[in-house]
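Visitor: My questions all concern the structure below.
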Amino acid sequence: MPRNNVFLFFLVFSFFLTSCDSNRVFDVYESVPNKWHKDSVISFKITPPDSIHPYNLFVNLRNTNAYKYNNLFLIVEMGFPHGRTVKDTLEYRMAAPSGELLGTGFSDVKENKLWYKEQVVFEEVGEYTVNIRHAMREHGKVNGVEELEGVTDIGFRIEKPINN
């Protein structure tokens, strides 16, 4: 019987934590099977709630200790409903100078909430597409890292700014 009480406590506590995230508008993850191939694109289809208010956009990433780099290069492409596309090459720091991975989490899986864009107004009504792929290169090498190890999930998040 006590085991059921512990389970019930964690279930209620988890629900409480997720329901407290009132700034979240969109938050979806896609799993990366084993290794993230350089040609593999993670895509998200988004229909924003309105075309008036500004939102903050994030790339979320979960990685394990198998991630051996201190940074991460991503190419993020946003496709607008009426055909326009914006492509950004982004760099994020993933480890401290000591080599310890950054991010939150108590196990060997770290979660990173990486800024993509701030105060974005989705002026076009309709469905947006966000495509994410890695652009990692090893120091001194021309060709990209074929298969990136240690990344388990890629996510995209839209949230209301805290002052809204």
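The values are calculated or read from the model by the stated rules, or taken from the named source; none is laboratory data. None of the values given here were measured: they were computed from a predicted structure. Every residue, glycine as well, gets a Cβ built from its backbone with ideal geometry; the counts of neighbours run over all protein chains shown. SASA here: full protein model, heavy atoms, side chains in, ligands and nucleic acids out. Shrake-Rupley method; radii C 1.70, N 1.55, O 1.52, S 1.80 Å.
Visitor: Any idea how many residues of region 78-92 are open to solvent by 50 Å² or more (accessible area, probe 1.4 Å) and either in contact (Cβ under 8 Å) with a residue 60 or more places away in the chain or touching a strand residue (DSSP E or B) at 6+ places or on another chain (Cβ under 6 Å) (or both)?
Guide: Summing the residues that are open to solvent by 50 Å² or more (accessible area, probe 1.4 Å) and either in contact (Cβ under 8 Å) with a residue 60 or more places away in the chain or touching a strand residue (DSSP E or B) at 6+ places or on another chain (Cβ under 6 Å) (or both) in region 78-92 gives 4.
Visitor: Among all residue pairs at least 6 apart or on different chains, which show Cβ distances below 9 Å where the first residue, located in region 100-111, is under 14 Å from Tyr67 (Cα atoms) and of a type outside the set (Lys, Arg) and the second is open to solvent by 50 Å² or more (accessible area, probe 1.4 Å) and outside any loop (DSSP other than H, G, I, E, B)?
Guide: Going by the 9 Å Cβ cut-off, the qualifying pairs are Leu102/Arg93; Gly103/Arg62; Gly103/Glu111; Gly103/Lys113; Val109/Arg62; Glu111/Arg62; Glu111/Thr104.
Visitor: Further question: Given the condition more than 21 Å from Ser31 (Cβ to Cβ) and over 19 Å from the mean Cα position of the chain (by Cα), answer yes or no: does some residue in region 100-108 qualify?
Guide: Within region 100-108, one or more residues are more than 21 Å from Ser31 (Cβ to Cβ) and over 19 Å from the mean Cα position of the chain (by Cα).
Visitor: Here's another thing I want to ask about it. For the structure I just gave you, tell me whether Asp108 is under 20 Å from Asn34 (Cα atoms), of a type in the set (Asp, Glu) and open to solvent by 60 Å² or more (accessible area, probe 1.4 Å).
Guide: So Asp108 fits the description; yes.
Visitor: Kindly indicate whether Asp153 is in contact with a Lys or Arg (Cβ under 9 Å, 6 or more places away or on another chain) and of a type in the set (Asp, Glu).
Guide: yes
Visitor: Quick test of your reading of the structure: Lys160 fulfils all but one of (1) at pLDDT 95 or above; (2) open to solvent by 20 Å² or more (accessible area, probe 1.4 Å). Name the failing condition by number.
Guide: (1)
Visitor: Tell me, which residue of region 115-142 that is open to solvent by 80 Å² or more (accessible area, probe 1.4 Å) and under 21 Å from Ala66 (Cα atoms) is farthest from the chain's Cα centre (by Cα)?
Guide: Lys141
Visitor: Do you know which of the residues in region 30-71 that are among the aliphatic types (A, V, I, L, M) and open to solvent by 60 Å² or more (accessible area, probe 1.4 Å) is farthest from Arg133 (Cα to Cα)?
Guide: Ranking the candidates gives Ile52 first.
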